[in-house]
Amino acid sequence: MLHPADLPRRVGVLCNPHSGRNRRHLEAIRRIAEQQAALFVYHEATTPEAIVETLRAFHAERVELIAVVGGDGTLQAALTGLLRDLALPAETLPKLLVIGGGTTNMSAADLGTRCQPPVALTRLAAWLERRGPAPHCCSRPLVRLALGRPEAVQYGLFFGSGAIQTGVDYFNSRVRCGPVAGAWGPRLAFLRVMVSMLRGRPHPLLPAASCRLVLDRDEVLEGRYLLVLVSTLERLLLGSRPFWGEQSAPLHFTAVRYPPRALWRRLPAILRGRGGRAVRDGEGYVSRNLTSLRLELDAGGILDGERFRAEPGEAIELSATPAIDFLVFP
């Protein structure tokens, strides 16, 4: 909890009205923002460029706390805007209150909040007026993604390639506009990919990408990989924990070679974070905690739900920032 003396004097609310959960609550969000105009400045932005402009306005107004109301992609765009576009040192960032207004909200859930945006904004107003409890504070390092071009640097909390990327594509093309709406859409796409993996046969959802991985500038892995995961989160979608490294380092890393051996027996333990007990050397499963990872692959990847692709011959460099403090209302 924060001490009452830590109350920010100027607060900005950045809302993405196109985020999945926000669309369902947009009328209530806007009504609360209008009612609480004396407590916080409210802005809406839907694109990374518009988000950066909003952050510049907040910075010019010396905002001390920014409430980010959106999904994983909105939070990723805000973090990138603050650290790359505004070039603010991590230690000088305004306080960041995370409100899960997206469809998946994987980052918000891991940070400790699942309440709906109108509820979180109401609690924010109560705290600012000293009528309610303060938000909880938790810390996470960020994943810094670099491609060799300054404008290509991104900051987020989860990177995935291979089956993760095709799973996002499957959700966007087959599920998002289908009969399954809301938070169950990404879960359905996740489960669909898991079922394809368990069958152990070639499938369009299971691309085998040839890649070269350099772990902490030392260990080199080469081959065809079904998926590569890197995150500073403790839990991913559906509460899964597909990491079992024991090293003292900020980046959780897991990779699965293609074809995976006996995946139908290994996967349940892997998703519960018990892969170290379930897999054996030489079976194509590897998990470490790292300080850096270099990926040389043609497939591109996903950072917090947003897709990107490296240029031909360009490597993806992943590293971790110092821990960032996030605020959440549970």
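The values are calculated or read from the model by the stated rules, or taken from the named source; none is laboratory data. Being a predicted model, the structure only gives us computed values, none of them experimental. As a convention, Cβ positions derive from the backbone with ideal geometry for all residues, glycine included, and neighbour counts pool all protein chains shown. SASA here: full protein model, heavy atoms, side chains in, ligands and nucleic acids out. Shrake-Rupley method; radii C 1.70, N 1.55, O 1.52, S 1.80 Å.
By accessible area of protein heavy atoms, probe 1.4 Å, what ranking do GLU64, GLU222 get, highest first?
GLU222, GLU64
Separation between the HIS136 and VAL220 pseudo-spin-labels, each 7 Å from Cα along Cα→Cβ, expressed in nm?
In this crude label model, HIS136 to VAL220 measures out at 4.5 nm.
Can you give the accessible area per residue of the chain, in Å², using a 1.4 Å probe?
47
Give me the one-decimal nm value for the distance between modelled label points at ALA28 and ALA323, 7 Å along each residue's Cα-to-Cβ direction.
If labels sit at ALA28 and ALA323, their model points lie 3.3 nm apart.
Computing the accessible area with a 1.4 Å probe over protein heavy atoms, can you report the carbon and sulfur percentage for the chain?
Answer for the chain: carbon and sulfur cover 50 percent of the accessible area.
Of the listed values [x] -0.42; [y] -0.29; [z] -0.25, identify the label whose number matches log10 I(q)/I(0) by the Debye sum over Cα atoms at q = 0.07 Å⁻¹ calculated from this model.
The listed entry that was calculated here is [y].
Can you give the net charge of the other residues whose Cβ lies under 13 Å from the Cβ of ALA67, counting K and R as +1 and D and E as -1?
+1
To the nearest 0.05, how large is the calculated FRET efficiency for ASP298 and VAL119 if R₀ is 56 Å and r is the Cβ-Cβ distance?
Result of the calculation: an efficiency of 0.80.
Full extension from ALA262 to GLN35: what is 0.36 nm times the residue separation minus their Cα-Cα distance, to one decimal in nm?
Answer, rounded to one decimal: 76.0 nm.
Could you work out the relative contact order of region 25-145? I mean the mean sequence separation of Cα pairs under 8 Å and 6+ apart, divided by the number of residues, in percent.
25
Okay, which of region 278-321 sit inside 12 Å, backbone N to the point 7 Å along the Cα-Cβ direction of SER210?
Residues 297-298 qualify, since their backbone N sits under 12 Å from the label point.
More than 24 Å apart: what percent of Cα pairs in region 206-330 qualify?
Result: 28 percent of Cα pairs exceed 24 Å.
Taking Cα pairs under 8 Å and at least six residues apart, what relative contact order does the chain come out at, in percent?
Result for the chain is 20 percent.
Could I have the simple spin-label model distance between GLU314 and ALA90, label points 7 Å from Cα toward Cβ, reported in nm to one decimal?
For the pair GLU314/ALA90, the computed spacing is 2.4 nm.
Can you list which of the trypsin sites (Lys or Arg not before Pro) found in region 1-64 are DSSP loop residues with at most 15 other C-beta atoms within 10 Å?
Here the sparse-neighbourhood loop sites are ARG9, ARG10, ARG62.
Let's test the formula: R0 of 35 Å, r as the Cβ-Cβ distance of LEU7 and GLU246. What FRET efficiency results, to the nearest 0.05?
0.30
Take every DSSP beta bridge with both residues inside the chain and express the antiparallel ones as a percent of the total, to the nearest 5.
75
Based on Cβ point charges of +1 for Lys and Arg and -1 for Asp and Glu, what charge dipole magnitude is obtained for region 1-145 about its Cα centre, in debye rounded to the nearest 20?
Computed about the Cα centre, the dipole is about 320 debye.
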